[in-house]
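Encoded as structure tokens, the structure appears first; notes follow it.
The values are calculated or read from the model by the stated rules, or taken from the named source; none is laboratory data. This structure is a prediction, so every number in the text was calculated from the model and none was measured. Here the Cβ positions follow ideal geometry from the backbone for every residue, glycine too, while neighbour counts run over all protein chains shown.
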Amino acid sequence: MKRGQITVFIVLGIVIVILASTFIFIRNSAIEEDKGEIVFDSSDPVKVYIENCLESKMDDVIRLVAFQGGHYKANGYSFNKDFDINLSAEIPYYYYDSIDLSTNLTTIESELALGIKDAIEYCVDFSPFTYPVTAEVDRAMVETSINVKSVDSEIELPVEIERQDGITSITGFSVSMPSNIYTLYNAAKEINEEQKKYDNLICLTCIAKVANENDIYLSSFEIEDSDTYATVYSLNDRSQDVDGWVTFSFAHGFVLGKEKDGNVSFGFIEQQLAYADSEFYYDVNVSGAVKFSDNSDLFEIDSVTGVINFTPSKSDLGNWITTIKAKDINNETASRSFLLKVEVPPLRLLEPSPELVAKVGQPFSYTFETNSDEQLQFYSNSDLFELDRMTGRVYFIPTPDDVGEYSFSLIVVDERDNILVKQLEINVVQ
């Protein structure tokens, strides 16, 4: 894979906040004696001060590393997209152009250690103390381990404390934070393995199943440019009330529109949209081609004309990365990939025919029908009749006072919360 194909940065939303609460904690908890020493319970106040600060920074680092899919800094295989000029994060590809780029737990531990080491400089402001304290930050070493429900870190940092009664040295510091990064990482790996089974097909139901089995909330969004189509996934533990629970993000990328081999000239193939149970037609325009083929399980392109004509079913719903290959008379070949989305058709009302006409004193019954076979809910703003919300059936017996023409709104909602609003009329006659 060429590194130029994979650039850096999704700007999404991570700010590492430098907390100052530890200063207040030390000032309020410390007791200053006549000798100028600070006594904090039975522990050295400097050690407590540093560990409290490191703990707050560790929380920031864990959240950043999790949001960036296990990376503290760019790994060279990240998605490039701007969302907000003030916030930035680098979301890595875990799967790109049929290549597994996912990280491992050991690497994530190293990335966490790197972030915690960088944060040490924020924890060596010793101005709250009345005696000299110095730290050799350049000699600091950090070792981090990820456990099932926590992240633990051991920090070696040479610190020297000069009090009236002598000089004290401290080198070892320990911090631990509750975290679900282990659970989310394993879920991300399972999703990655599932994607590898389908290669260019994004099986959203398969991925959702993995999330449900791991008791994980899954959200995703799609980004496309002229060369790449990507799905960015974010995982959250359902136990959001627990401290230290984070969001874990990663991306799957697919190369679109790449031309290779031979000299056959392709026109650019835009993203295509097909509807389940509806005929799809597309003519692939390739200059000089005499034979076509494809890698799709959805359809079979006409080998002579390059026409794609088929009717997808509801089992085909999803996003398909499809590659078309064309060959000219000299057996020169070229191929181009494009995104084909198969979706449920937009909700549509089957128009009343003939017009809705009700006669005074006679029962009137009419059932509104749509093109959907899903469970629907029907609503109306009419005061003339009652509408059965589950079946869409109208039933009433008009009175002489009801004679006239009435306009009303019909609202239909499907299982996916798609809404159809239709303005209709009904005429009541003698």
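What to note about this one:
- Residue count for region 259-286, restricted to those that are farther than 16 Å from THR322 by Cα, charged (D, E, K, R) and modelled with pLDDT under 85: 1
- Test: LEU339 is assigned by TED's automatic domain parsing to the domain that holds ASP316 and in contact with a strand residue (DSSP E or B) (Cβ under 6 Å, 6 or more places away or on another chain): yes
- One residue stands out among those in region 79-92 that are buried (at least 17 other Cβ atoms within 10 Å of the Cβ) and either touching a Ser or Thr at 6+ places or on another chain (Cβ under 7 Å) or within 22 Å of ILE50 (Cβ to Cβ) (or both): the one that is modelled with the highest pLDDT, which is PRO92.
- Single condition VAL148 does not satisfy, out of (1) in contact with a His (Cβ under 8 Å, 6 or more places away or on another chain); (2) assigned to a loop (DSSP other than H, G, I, E, B): (1)
- In region 315-337, the qualifying residues are those that are within 13 Å of PHE266 (Cα to Cα) and hydroxyl-bearing (Ser, Thr, Tyr), and the one that is modelled with the highest pLDDT is THR323.
- Region 345-380, residues that are touching a helix residue (DSSP H, G or I) at 6+ places or on another chain (Cβ under 9 Å) and surrounded by 12 or more Cβ atoms within 10 Å (Cβ to Cβ): ALA358, VAL360
- ASP383 exposed (fewer than 12 other Cβ atoms within 10 Å of the Cβ) and more than 31 Å from the chain's Cα centre (by Cα): yes
- Those residues of region 151-182 which are among the hydroxyl-bearing types (Ser, Thr, Tyr) and part of a strand (DSSP E or B), in sequence order: SER153, THR168, SER169, THR171, SER174, SER176
- Residue check, GLU332 over 30 Å from ILE301 (Cα atoms), of a type in the set (Asp, Glu) and touching a residue at least 12 places away in the same chain (Cβ under 8 Å): no
- Hits in region 362-386 (condition: among the polar types (S, T, N, Q), within 18 Å of GLU351 (Cβ to Cβ) and assigned to a strand (DSSP E or B)): SER365, THR367, THR370, SER380
- Across region 178-210, the qualifying residues are those that are under 30 Å from GLU55 (Cα atoms) and aliphatic (A, V, I, L, M), and the one among them that is surrounded by the fewest Cβ atoms within 10 Å (Cβ to Cβ) is ALA187.
- When region 124-140 is filtered for residues that are among the aliphatic types (A, V, I, L, M) and in contact (Cβ under 8 Å) with a residue 24 or more places away in the chain, the ones remaining, listed by number, are VAL124, VAL133, ALA135.
- Within region 44-62, restricting attention to residues that are charged (D, E, K, R) and part of a helix (DSSP H, G or I), the residue that is surrounded by the most Cβ atoms within 10 Å (Cβ to Cβ) is LYS57.
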